[in-house]
Every structure is written in structure tokens, then in C-alpha cells.
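Right, one structure below, let's go through it.
No value in this document is a laboratory result; all are computed from the given coordinates. Keep in mind it's a predicted model, so treat the numbers as computed, not measured. Glycine gets a Cβ as well: all are built from the backbone with ideal geometry, and neighbour counts include every protein chain shown.
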């Protein structure tokens, strides 16, 4: 994670987003947060993460509940504040809009979606699903109409398989995360 001074108020994404999104998904301890971000493939060191968490607490995006664990060790539970929920929701909508589906930031944005009333994540994901369905239809049509070039045919079949998997995944995500409101209608309309 690259260092950034603060979360901007203009809606631009910052490098603090992974921290805010991970905490939005579930209140957590800093060491668990570090393990989670590293498991997603994001580069983070303990010292950098702890400094960033302290900065987010100071600026009012996170709150910390300090206490002792069962073993007597000092533990700090992190939660988003109202300001942190607003920032996480705003940035999650932007990530859902532009980030590739396989990106770890996309996964964090899905987890953070809905923490703020600022942006409806369903309204962001539906157009992505519809666009994928339109691209799938175009690729399938082009495959049927294409000349018999085995290399381009194989590449097109691979793109079709990826689009089918993306559409299936997005439909499942919408169903699990948002109760499946209308994603079938979207794919039928786009086709």
C-alpha cells in the first residue's frame, strides 16, 4: 500500500480504501487486518499499516476500542465511524464502477458496499452486469459470423468463457449481497 496523507473529500480514491473497506466488512484487530490485506495480495507492512490506522483514527475515520485479550495482551478493535462509513461507501462505489472483477480492490469494495447511504452499490453493479451481457452477445455473434481462423476463434471462445463466468459470478453476487433484485431482467434485456 502506498502512503497517502489523507482521505480526500472530493470523492477520489485513496490508498486508505483497503483499510476502510476491510474494517467496513467486519470490525477487526490491526493484526487481523494486516493478514487479510496480505492474503488478498496487497502489499502492506505492519509498521505502515499501524501508522495508517493511527492516522485514520486521528482524522475520525476509525474508532478503536482498546482492551486486553484472554491471554492478557493488549488488543485494539477497529470500527468505522460515520465519517469512515461515508468515505468507504463513496470509494467502494468508485471501485465497483472501474476496477476489474478479479482485482482484490473489487473484492474489498463488494465487502464495503452498502455501508453508506451515499451510493447504491446495486445501481453500480447492474450496469456492469448489463455491459458484460452485451459484450457476451457481441462476441457470440462475431464467433458465429467469423471466418474459419482457428487462432481468432480460440481467442474469442476464451473471451466468451470469461464473460460467461463474470456474468454468472456477478449474478450470484447480486443475489447473495442484495437479495437478487432484478439481475435476471438485466441479462435478458441486454441480450
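Rg then Dmax, both in Å and based on the Cα atoms of segment 17-112: 13.3, 44. For the peptides 76-82, 16-22, the ranking by packing is 16-22, 76-82, with the highest mean count of neighbouring Cβ atoms within 10 Å listed first. On the basis of the beta-carbon distance and an R0 of 25 Å, residue 134 and residue 175 show a calculated FRET efficiency of 0.75. Projecting label points 7 angstrom from Cα along Cα→Cβ for residue 58 and residue 45 puts them 1.9 nm apart. Treating r as the C-beta distance of residue 82 and residue 164 and R0 as 35 Å, the FRET efficiency rounds to 0.30.
Sorted on the mean count of surrounding Cβ atoms within 10 Å across their residues, most packed first, peptides 133-139, 97-103 read 133-139, 97-103.
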